[in-house]
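Peer 1: Can you read through this structure? Questions will come right after.
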Amino acid sequence: MFFIRLVQSWQGGNAGEPDLLRACYRNALDEASNRRLGALAFPAISCGVYGYPHQEAATIALNEVWPWLVGHEFPQKVVFVLFDQPMSELYQRLLVEKAKS
């Protein structure tokens, strides 16, 4: 098991937060690939006490994970472990939109 922690609070989006969040997902996916893990689970990174806007964070998460799964052997499965029904519905809606495009 390994952990990657993002430790920057949302500061309006102009302090490199989107790049840092994208890098967090990519680094975790890289590590999972290097370890040849079959599955990887992500929470809604930075959406709790760090205050990242949910729509923007979910969009970044899916924009990083979706193409990774298409282009890499490992991990074979990614699970998003979300803390409430509204967050789950947001991810589901964005996944449906992404699948249509």
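What follows draws every value from the coordinates through simple rules; no lab data is involved. Every value quoted in this text rests on a predicted model; they were computed, and no experiment measured them. Glycine gets a Cβ as well: all are built from the backbone with ideal geometry, and neighbour counts include every protein chain shown.
Peer 1: What distance in nm separates the two pseudo spin-label positions at L95 and L69, each 7 Å out from Cα along the beta-carbon direction?
Peer 2: Output for this residue pair reads 0.6 nm.
Peer 1: Name the shape class, rounded, prolate or oblate, that the alpha-carbon gyration tensor gives for the chain, where a ≥ b ≥ c are the square roots of its eigenvalues, rounded holds for a/c under 1.5, and otherwise prolate holds if a/b is larger than b/c and oblate otherwise.
Peer 2: oblate
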